[in-house]
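*Asks:* Pasting a structure below so you can have a look.
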Amino acid sequence: MLAAMIFFPLNASAQDSAPAAGVDLAAGAKTAGEVCVACHGADGNSELSDNPRLAGQHAGYLVKQLNDFKVQEGEEEARRASAMMAGFAAMLSEEDIRNVAAHFAAQKLVPATAENRDLAEAGRDIYRAGIADKGVPACTGCHGPAGAGLPTIYPRLQGQFAEYTVRELEKFRSGERANSEEMKAIAERLLDREIEAVAQYIAGLR
């Protein structure tokens, strides 16, 4: 969701389909089963719409987010605020993070569904074309026409819970979530109904 003119490679998902060298998928599965399972499910397919589905998400993106939940050396606060996730992330070493991210990336997503057809149709227009008179770019520019994202840089959005997407966009808009200046600038231009609409469309993307 940055600029529609950004080139989006059609084979982006293929670039992130194989685990990186040196990761231990078995160790990642163990960490998921011990640390992440209650909120995200052992395979990353959360049953709770407040918690994102992580299955099939790009490993590099998950690594970045888990590190953003930690207070990094030389910084006074985490780049992404979450009292709950800060506690879990603090338990994980860099090796743990790489392994569990690779585990979730290797899982098959069970996608959420759009529950409001009218909103989803309105969201389709925003996702594909943006809102020109408000300077809101098309989401396809960074996240792709099917919401596949771009490994490490832009997350896979397809089939994500609408409730979760709404909440994160609202956090970007308010400044509560500040680990992406691009998304913060975009979310600041969106009304509640526009956020809800694009979130419904994303939930139905395949």
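The values are calculated or read from the model by the stated rules, or taken from the named source; none is laboratory data. What you are looking at is a predicted structure, and each value in this text was computed from that prediction instead of being measured. Neighbour counts run over all protein chains shown; Cβ positions are idealised from the backbone, glycine included. Remember, those area values only see protein heavy atoms, side chains included, never the ligands or the DNA or RNA. Shrake-Rupley method; radii C 1.70, N 1.55, O 1.52, S 1.80 Å.
*Asks:* For region 179-192, check the following and say yes or no: at least one residue is among the charged types (D, E, K, R) and open to solvent by less than 40 Å² (accessible area, probe 1.4 Å).
*Replies:* For region 179-192, residues among the charged types (D, E, K, R) and open to solvent by less than 40 Å² (accessible area, probe 1.4 Å): absent.
*Asks:* Here is a follow-up. Kindly evaluate ALA86 against the criterion of being among the small types (Gly, Ala, Ser), modelled with pLDDT of 95 or more and closer than 24 Å to LEU150 by Cβ.
*Replies:* Details: among the small types (Gly, Ala, Ser): yes; modelled with pLDDT of 95 or more: yes; closer than 24 Å to LEU150 by Cβ: no.
Here the answer is no, as ALA86 does not meet what is asked.
*Asks:* Further, regarding this structure: Can you confirm whether VAL71 is assigned to a loop (DSSP other than H, G, I, E, B) and out of contact with any Lys or Arg (no Cβ under 8 Å at 6 or more places or on another chain)?
*Replies:* Yes: the conditions hold for VAL71.
*Asks:* Go through region 122-135 and give me each residue that's open to solvent by less than 30 Å² (accessible area, probe 1.4 Å) and either in a helix (DSSP H, G or I) or farther than 13 Å from ARG193 by Cβ (or both).
*Replies:* Of everything in region 122-135, those that are open to solvent by less than 30 Å² (accessible area, probe 1.4 Å) and either in a helix (DSSP H, G or I) or farther than 13 Å from ARG193 by Cβ (or both) turn out to be GLY123, ILE126, TYR127, GLY130.
Table: residues versus (1) in a loop (DSSP other than H, G, I, E, B); (2) without any contact (Cβ under 8 Å) to a residue 24 or more places away in the chain; (3) out of contact with any Gly (no Cβ under 6 Å at 6 or more places or on another chain); (4) open to solvent by 80 Å² or more (accessible area, probe 1.4 Å).
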position: SER46; (1), (2), (3), (4): yes, no, yes, no
position: ASN51; (1), (2), (3), (4): yes, no, yes, no
position: ASP96; (1), (2), (3), (4): no, no, yes, no
position: ALA102; (1), (2), (3), (4): no, no, no, no
position: GLN107; (1), (2), (3), (4): yes, no, no, no
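*Asks:* Anything in region 53-81 that is at positive phi and either open to solvent by less than 80 Å² (accessible area, probe 1.4 Å) or modelled with pLDDT of 95 or more (or both)? List them, or say none.
*Replies:* Within region 53-81, just GLY56 meets the criteria.
*Asks:* Filter region 136-150 down to the residues that are surrounded by fewer than 21 Cβ atoms within 10 Å (Cβ to Cβ), aliphatic (A, V, I, L, M) and within 18 Å of the chain's Cα centre (by Cα) and list them by number.
*Replies:* ALA146
*Asks:* For the condition surrounded by fewer than 16 Cβ atoms within 10 Å (Cβ to Cβ), over 11 Å from GLY144 (Cα atoms) and modelled with pLDDT of 50 or more, what is the one hit in ALA14, ALA32, ALA21, ALA27?
*Replies:* Criteria check complete, one pass: ALA21.
*Asks:* Pairs needed: first member in region 125-140, in contact (Cβ under 8 Å) with a residue 40 or more places away in the chain; second member anywhere, open to solvent by less than 20 Å² (accessible area, probe 1.4 Å) and of a type in the set (Ser, Thr, Tyr); C-beta distance under 7 Å; at least 6 residues apart or different chains.
*Replies:* Close Cβ pairs satisfying both conditions: ALA138/TYR127; CYS139/TYR127; THR140/TYR127.
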